[in-house]
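Colleague: I'd like to ask you about the structure that follows.
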Amino acid sequence: MIELETQLQNEQQVALENLQQLESPEALDAWKQTYLGKASLVMTTYGKMGTFSKEERPIIGRAVNAIKLALEAALSEKEVLVKRDALLKTMESERLDVTLPGFPVKRGRMHPVNLSLREIYRIFGDMGFQVYNSPEVETDDMNFTYLNIPPYHPARDMWDTFYTEKEGVVLRTHTSPGQIHAMREYFPNPVRVILPGACMRYEQQDQSHEIEFMQFELLVVDKGITFANLKGTMDDFTKRMFGAGAYTRLRPSHFPFTEPSAELDMSCIFCGGQGCGVCHGTGWIELGGCGMVHPYVLQNGGYDPEIYSGFAAGVGIDRTTLLRYQIDDIRYLRNNDIRFLEQF
Amino acid sequence: MKAPLSWILDYVDLQGLSLEEIGQTLTMIGLEVEEITLVGLEKPQAERLQNKYSGLPWPKDKFVVAEVLEVRQHPNADKLTLCQLNDGTAEIIVLTGAPNLYPYVGKGRLEKPIKVAYVREGAQLYDGHQPGQVLTKLKKATIRGIDSSSMIASEKELGISEEHEGVIFLDDDAPVGMPLADYMGDAVFEVAILPNMARDASVLGIARELSAALGRPLRMPEGLEIRIGGEIEQKVGLQIREPELNPRFMLGLVEQVKAVPSPYWVRRRLALAGMRPIDALVDATNYTMLETGEPLHAFDYDLLCKRAGGKPTIITRRAEDGETLTTLDGANYKLTTETELVSDTKGPLSLAGVMGGEESGISHRTNSVLLEAASWNFINIRKTTSRYRITSEASYRFSRDVHPALAELALSLCLRRMQDWAEGSALEDVIDHYPLKREDTQNTLTESDMERLLGLRIPIEEAKSILERLGFTCELQDGVLSAVTPSNRTDIESGFVGKSNLIEEISRIYGYDRIPTTRLSGELPPQLGDRRVGFEETVRDTLVSIGLQDTLAYRLTSVQREARILPGAPAENGLEYVRIANPISPERTVMRRSGLATMFELIERNDRNVDGLSFFEIGPVFFPVEGQQLPDEPHRLTIGLWGKKRETGWSAEKPGEYGFFDLKGILEALFQGLHHESIVFDPSREIPTFHPGKSARLMAGEIEIGVMGEVHPLVRQNYDFMENPVLAAELYLDQMMALVDKGFKVNSISSFPAMVEDIALIVDDDIPARRVEELIWRAGGKLLKNVALFDLFRGEKIGAGKKSLAYQLTYQAFDRTLSVADAAAIRKKIVKTLAYEIGAVLRDS
Ligand SMILES: [Zn+2]
């Protein structure tokens, strides 16, 4: 009786000590077989319960129950540990070389000029400008005469024009004919539009000259529009497009369709205005032309120049794109070399 | 316009201003200084220089005025001379090869020493023997046994001109030992002249602008005192036939001239201004033109007398048809009545305002000069220059409208110079016919006029002062400024335009940078919008989101390039084009009609550099329309696919190659993105660019909205494509936009589970899949939510001429969970309908 109790206690001690040494699920199974299986002391003790006296039975029963529970608890605790160790071992064998490249995914991209254009829309959209489109093949009148550039006027030399075989029809050399179209459509309301689009000029192509290029033009017409407004609008645009560090100046110039006229210069974004190769040491980069809408042009649009005033500005989108991404050859834009386009 | 600083200083004092400040002053009043070329002067020392500088400074210790006292033959070289030279500190022997010193060999000690520019050892200067301007350092050398470490310089070596035929002979009064930079150091301002500033294509004009900007007085040059009429009328007659073309004509006479060289300072200024000095007579006319902006022309008076057989008469008139003239550059012109001429009684003498004739011009034999100073109609001059493709310094100016008043100033100045430089004797009497007088405009202006346009009230007194500095005659009364335009400019109109002109003049001198910077305010215009912009952005975003690359197209192309999209690439495609009258190259003679032609060229250009391409392009094409001046410019979306669908990478799953159904999938995704999915792909055999069995027209009801397909094998042959099919689509964006006018509605989502089952149907091979799918939808009723084809099979197992189409069908209700019986009922209906309509048989699984 006492002997059995001692035996059971020894069994528990040995079993728990053995359990500590085990590492694999198989060993745990064997352990379970040994100490909790049919032939184990615990289980055989249960089987012999009838042979014990009425007094012994509860004492032995309690003892064997306690041992069984202790062994089972220890086993399940050990099982968790062994499973985790086994999992860790498996994971070790699953280790990837994470420096291998990912599998390629095809990504679509916008053309850089269209990226710039969208940014320009966004900026001027915020300022209340609406997009207004007009034809790329234009009448001579729209492209020149209504813009105060009559035939044989010296200012015509400023544009190298492609003429079509149809009398009086040209490829537009600038987006400015859109000014007349827009004014005639908005009259007598105020006008605040951005005129984007392709323009064509008879030029020998090189690193910085294209026969086809994208330009946008601004036109604002209302009572009380001033040169000061023009300065403010162009300065805001430049800062949003090229960063808050960019600043602008207007330099007197001449365009037949504006009076007064100005060139818009931006501080060189490459050297911060200190002078570098891009800006030829001047610290300035030419962005475009602008000015107050010429009285004749207002008249041709239907507005009385003694009551209304307006400003216009024209900026190259291609050029803006070249500056934004530091592209050194304008021909990249229309050659559409995939090795160029893929960089965006 | 190249304006040397020394010349500008004749008319305005610029004391205390650096080159940098002068350059910036000019730039900021509208005379953009493109470059400042140093010819002796130092580059300004400042932290930030905003002008572009080039050229050669002459350090004062290295470049000095010296005199040649004697010239001897080099003992060992025929063409070299040894000069005994005094540089102000010592007498030195200097070796030269200058041909213009050679004549002095053996003359012994010169009675009148020759003043020269002397350069010492170690100086940087331009290499005289290399083309262009190549800097070199003057080092000690031994030439044929004689040491040589310094030199006498030519103009080329000093950066004055390209002249290297001989060394410079300075004027006799040049002070020996003086640093050369102090004596004649200079800088040339290269000024861009705006079309409305023709008056500033002259040194005097530029000086006037500086004087106005700086508030310093302008010193006018003084010419000969002239009188109209008198003695000269006995010597020459004048008739102006058409004042409209020739508003003014003046003549002066200089007798007993000599074609000697001009003083060196004149020749140097001309060279710096970009003109080649010739002799005192030619130089005087050119100098006066550069100075005043008025081109002059000199006739050989004795030749005119000879032609006339007595007193010559100058006649300005239109040419007669067929008249001819040989100009002084040797070119021969057949004239028309459009051309204005200066002629005499015998015939044409010169193309008025453009170029003189060969016969009557001055030469080194000329004894008396008849000098013409005239005014010409600038439009007529432009027509003449463009008709005969001839330009000159004179026509450059006359075609920009030179004020007739300048003729008088220029004539008096030039007469005086011919007298001074060519040792001639000028008549004070001149002939002046001015039949069409130019009225100077007059305008009024107030402070509020300026404020309305500028957003700034410039004080009216300040405005008056600015205009006066520019030469306007002003009067200020009760706040109203009235200004008469000076007789040197033609760009100020009158009335409301004149006001704007004056405001521009005032504001540019006042300084654009002093005008405030304000934001727009005020009422916003009505919202017209442009739907096409938003629509095209949606198309672009959708295509980019599914992996396509946006591109940008040239509009200009050629018919041949566009005909390449047809089998056999015919020379003509029989289409009407917007044709360019002055094409820049045979490759760009028309405006494109096809997006496909652009796309195929893009693929051709790129397919060597990558494994696969998926391009799209949005842009206009141009269709001439009968009876319409301008062409239609519909917009096109063109898609091009070629090669692998993605990069290969190292995945076991290799990318496939683009095929017909990839293109179709892209188009379907696009239409899904636009929420217009009822586009029908109509099989078509008549799109010449595409494979007849692998192409379709995209139809929205009766309206065609595009074409798509695999490129026809015969069209492929026209291009240098790499292997693999090329797939392309051209869609008509304007028609598409019209379709997606309306918005779209979002469907609710059922909270009951969907039921999915597969069904495979065997049908005749020639029944289009679209028909099968339509029938499934029709039979499925409203519980059928989705039909997705997942397998297509042809083979012996199902018999020849048959195909098996396997679909995954999804059923779902909004109010309950569907039972197996529900599904069976729908399925039964579908099978029955397809069996009845197209003889479909359910395939055993
Ligand atoms: Zn820079």
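Yes/no per residue for (1) open to solvent by 30 Å² or more (accessible area, probe 1.4 Å); (2) assigned to a helix (DSSP H, G or I):
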{"position": "A:270", "(1), (2)": "yes, no"}
{"position": "A:273", "(1), (2)": "no, no"}
{"position": "A:291", "(1), (2)": "no, no"}
{"position": "A:296", "(1), (2)": "yes, yes"}
{"position": "A:303", "(1), (2)": "no, no"}
{"position": "A:313", "(1), (2)": "no, no"}
{"position": "A:319", "(1), (2)": "yes, yes"}
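Colleague: Since residue A:175 meets every condition but one in (1) more than 33 Å from the chain's Cα centre (by Cα); (2) among the polar types (S, T, N, Q); (3) open to solvent by less than 40 Å² (accessible area, probe 1.4 Å), which condition does it not meet?
Modeller: Going through the list (1) more than 33 Å from the chain's Cα centre (by Cα); (2) among the polar types (S, T, N, Q); (3) open to solvent by less than 40 Å² (accessible area, probe 1.4 Å), residue A:175 breaks only (1).
Colleague: A further question on this structure: Quick check on the range A:238-254: of everything there that is more than 12 Å from chain B (Cβ to nearest Cβ), open to solvent by 40 Å² or more (accessible area, probe 1.4 Å) and assigned to a loop (DSSP other than H, G, I, E, B), which residue is farthest from the ligand (Cβ to nearest atom)?
Modeller: Only one residue tops the list, namely A:244.
Colleague: Could you tell me whether the range B:687-696 includes any residue that is open to solvent by less than 60 Å² (accessible area, probe 1.4 Å), part of a loop (DSSP other than H, G, I, E, B) and not polar (S, T, N, Q)?
Modeller: yes
Colleague: Further question on the same structure: Residues to consider are B:222, B:209, B:231; find the one that is within 30 Å of residue B:31 (Cβ to Cβ) and more than 36 Å from the chain's Cα centre (by Cα).
Modeller: Of the residues listed, the single one that is within 30 Å of residue B:31 (Cβ to Cβ) and more than 36 Å from the chain's Cα centre (by Cα) is B:222.
Colleague: Condition first: away from chain A (no Cβ under 14 Å) and either out of contact with any strand residue (DSSP E or B) (no Cβ under 9 Å at 6 or more places or on another chain) or open to solvent by 50 Å² or more (accessible area, probe 1.4 Å) (or both). Can you find one or more residues in the range B:641-659 that meet it?
Modeller: The answer is no; no qualifying residue exists.
Colleague: Right, something else. Please give the number of the condition residue B:201 fails out of (1) away from every other protein chain (no Cβ under 13 Å); (2) open to solvent by less than 10 Å² (accessible area, probe 1.4 Å).
Modeller: Exception for residue B:201: condition (1).
Colleague: Within the range A:289-306, track down each residue that is without any contact (Cβ under 8 Å) to a residue 40 or more places away in the chain and more than 10 Å from chain B (Cβ to nearest Cβ).
Modeller: Selection gives A:289 alone.
Colleague: Condition (residue is in contact (Cβ under 8 Å) with a residue 40 or more places away in the chain, assigned by TED's automatic domain parsing to the domain that holds residue A:43 and not small (Gly, Ala, Ser)) applied to the range A:83-106: is it met by at least one residue?
Modeller: Yes, the conditions are met somewhere in the range A:83-106.
Colleague: Now for a separate question. Within the range A:319-344, track down each residue that is of a type outside the set (A, V, I, L, M, F, W, C), at the interface with chain B (Cβ under 9 Å from one of its Cβ atoms) and within 20 Å of the chain's Cα centre (by Cα).
Modeller: Those that are of a type outside the set (A, V, I, L, M, F, W, C), at the interface with chain B (Cβ under 9 Å from one of its Cβ atoms) and within 20 Å of the chain's Cα centre (by Cα): A:339, A:342.
Colleague: Filter the range B:366-390 down to the residues that are polar (S, T, N, Q) and touching a residue at least 24 places away in the same chain (Cβ under 8 Å), then identify the one that is nearest to residue B:204 (Cα to Cα).
Modeller: My answer is B:375.
Colleague: What strands (runs of 3 or more DSSP E) completely inside the range B:278-361 contain at least 2 residues that are surrounded by 17 or more Cβ atoms within 10 Å (Cβ to Cβ)?
Modeller: B:296-300, B:313-318, B:340-343, B:348-351
Colleague: While we're on this one: Read through the list (1) more than 14 Å from every other protein chain (Cβ to nearest Cβ); (2) within 26 Å of residue B:212 (Cβ to Cβ); (3) open to solvent by 10 Å² or more (accessible area, probe 1.4 Å), then give the number of the only condition that residue B:433 fails.
Modeller: It is condition (2) that residue B:433 fails.
Colleague: Within the range A:191-224, how many residues turn out to be open to solvent by 10 Å² or more (accessible area, probe 1.4 Å) and not in a strand (DSSP E or B)?
Modeller: Selection size over the range A:191-224: 9.
Colleague: Under 7 Å between Cβ atoms, at least 6 apart or on separate chains: pull out the pairs that start in the range A:329-344 with a residue that is under 17 Å from residue B:643 (Cα atoms) and in a helix (DSSP H, G or I) and end on any residue that is aliphatic (A, V, I, L, M) and at pLDDT below 95.
Modeller: The qualifying pairs are A:338/B:610.
Colleague: Which of the helices (runs of 4 or more DSSP H) contained wholly in the range B:521-623 include at least 2 residues that are touching a residue at least 40 places away in the same chain (Cβ under 8 Å) and either over 30 Å from the mean Cα position of the chain (by Cα) or more than 7 Å from chain A (Cβ to nearest Cβ) (or both)?
Modeller: B:531-545, B:595-606
Colleague: Do you know which of the residues in the range B:712-733 that are under 37 Å from the mean Cα position of the chain (by Cα) and closer than 15 Å to residue B:660 by Cα is most open to solvent (accessible area, probe 1.4 Å)?
Modeller: B:730
Colleague: Please enumerate the residues belonging to the range B:172-198 that are more than 24 Å from residue B:42 (Cα to Cα) and crowded, with 20+ Cβ neighbours inside 10 Å.
Modeller: Listed by number, the residues that qualify are B:193, B:194, B:196, B:197, B:198.
Colleague: Would you point out the residue of the range B:445-492, among those that are in a strand (DSSP E or B) and without any contact (Cβ under 8 Å) to a residue 40 or more places away in the chain, that is surrounded by the fewest Cβ atoms within 10 Å (Cβ to Cβ)?
Modeller: B:477
Colleague: Buried (at least 16 other Cβ atoms within 10 Å of the Cβ), more than 8 Å from chain B (Cβ to nearest Cβ), closer than 20 Å to residue A:261 by Cβ and not basic (Lys, Arg): which single residue out of A:147, A:117 fits that description?
Modeller: Going through A:147, A:117 in turn, the sole match is A:147.
Colleague: Also, quick follow-up: Within the range B:407-420, does at least one residue satisfy the condition of being surrounded by fewer than 23 Cβ atoms within 10 Å (Cβ to Cβ) and touching a strand residue (DSSP E or B) at 6+ places or on another chain (Cβ under 6 Å)?
Modeller: yes
Colleague: Taking the range B:38-54, which residues are surrounded by fewer than 19 Cβ atoms within 10 Å (Cβ to Cβ) and assigned to a strand (DSSP E or B)?
Modeller: B:53, B:54 - these are the residues of the range B:38-54 that are surrounded by fewer than 19 Cβ atoms within 10 Å (Cβ to Cβ) and assigned to a strand (DSSP E or B).
Conditions tested, residue by residue: (1) of a type in the set (Asp, Glu); (2) open to solvent by 40 Å² or more (accessible area, probe 1.4 Å).
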position: B:529; (1), (2): no, yes
position: B:541; (1), (2): yes, yes
position: B:546; (1), (2): no, yes
position: B:550; (1), (2): yes, no
position: B:562; (1), (2): yes, no
position: B:579; (1), (2): no, yes
position: B:600; (1), (2): no, no
position: B:607; (1), (2): yes, no
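Colleague: Right, next: Failed condition for residue A:96, given (1) surrounded by fewer than 20 Cβ atoms within 10 Å (Cβ to Cβ); (2) within 11 Å of chain B (Cβ to nearest Cβ); (3) over 30 Å from residue B:379 (Cα atoms), with all others met?
Modeller: All conditions are met except number (2).
Colleague: A further question on this structure: Which one of these does residue B:817 not meet: (1) open to solvent by less than 70 Å² (accessible area, probe 1.4 Å); (2) over 27 Å from residue B:765 (Cβ atoms)?
Modeller: It is condition (1) that residue B:817 fails.
Colleague: Out of everything in the range A:255-296 that is within 15 Å of residue A:310 (Cα to Cα) and of a type in the set (Ser, Thr, Tyr), what residue ends up being farthest from the ligand (Cβ to nearest atom)?
Modeller: Top of the filtered list is A:296.
Colleague: Further, regarding this structure: Kindly provide the set of residues from the range B:6-44 that are free of Cβ contacts under 8 Å to residues at least 60 places away in the same chain and either within 14 Å of chain A (Cβ to nearest Cβ) or of a type in the set (Ser, Thr, Tyr) (or both), ordered by number.
Modeller: Hits for the range B:6-44 are B:18, B:20, B:24, B:27, B:43, B:44.
The values are calculated or read from the model by the stated rules, or taken from the named source; none is laboratory data. It should be emphasised that the depicted structure is a prediction, and the values quoted were computed from it without experimental measurement. Positions of Cβ are backbone-derived with ideal geometry, glycine not excepted, and every protein chain shown enters the neighbour counts. To get the accessible areas, we keep the full protein, side chains included, count just its heavy atoms, and leave off ligands, DNA and RNA. Shrake-Rupley method; radii C 1.70, N 1.55, O 1.52, S 1.80 Å.
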